[in-house]
Amino acid sequence: MSVKCTQCSLVNFAVDESCRRCGAALTLPDAAPGAAIGGLVEPRPRSLGRWLLWIAGVTWLIVFVWSRSLIFTSEPLEQSKRWQVNDAIALLDQAGFSREVFVLKNLTNYRATDSWWNEYQGHESAYASTNFPLEIVTLYPAFFTDTVDDTERAAILLHEAQHLLGFDETHALDRTWREKARIGWTRDNYGNTKVFKVTEGISFTATTLFQCKDNHHWDCVPPVIYHPGEIYTR
């Protein structure tokens, strides 16, 4: 390093205590953060904002790699089955489930087989499973073979959409059972189908919807009056 004399502007060596030209005392300037000292740069302390950006970036990278691994280790839906999914979503759209439809149409990646994570976790026989917050829905063969039409597939997607929105299983069952009439999935029309009976049985054990009657084979929830634009709350 060198030191410039404040009196005559002569550049002196750092070891000099006085100016070699005018004899004035030389003083080293205070080093600022990030300034070069001894040929090395002292790092500036990282601010809170930079720490938050760094944490957000690392989190995004982890989520991205995780989601890609789930997609790469599973198979996509066949085009014909994707058309069936689109038809079911259209029914939900007609019934006014705007939030669910937006997520199902624009944010969801549909898969036909389990990813490595689903296989590791394991699950009981199901029509579908959801990976939240990665917005991946796996539709198993029963989703297409056990359902009798698009209405029943729409009911299952309505259930999965609750998980895509971050809700738990109890809320998903409650929401689907209370709102099933809006898509025409009623006991009069579907009471004898496998999907309706399975859903009713699971809802009976996992929710409080059937506590008002001894015979759980009959609905006992109060009717829900739907107003366009209204947000459902339990």
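No value in this document is a laboratory result; all are computed from the given coordinates. Please read these numbers as outputs of a predicted model, since none were measured by experiment. All Cβ positions, even for glycine, are placed from backbone atoms using ideal geometry, and neighbour counts span all protein chains on display.
Quick notes
- Placing unit charges on the Cβ atoms of the charged side chains and taking the dipole of segment 75-206 about its Cα centre, the candidate lying farthest along the positive direction among Ile136, Gln121, Ala154 is Ala154.
- Straight-distance crosslink candidates among lysines, where the alpha carbon sits under 18 Å from Lys81 and sequence neighbours closer than 8 are dropped: Lys105
- Ranked by the mean number of other Cβ atoms within 10 Å per residue, highest first, peptides 57-65, 144-152 order as 144-152, 57-65.
- Alpha-carbon centroids, segment 165-206 and segment 54-106: separation in whole Å: 22 Å
- The charge dipole of segment 75-206, taken about the Cα centre with unit charges on the Cβ atoms of Lys, Arg (+1) and Asp, Glu (-1), comes to about 280 debye, rounded to the nearest 20.
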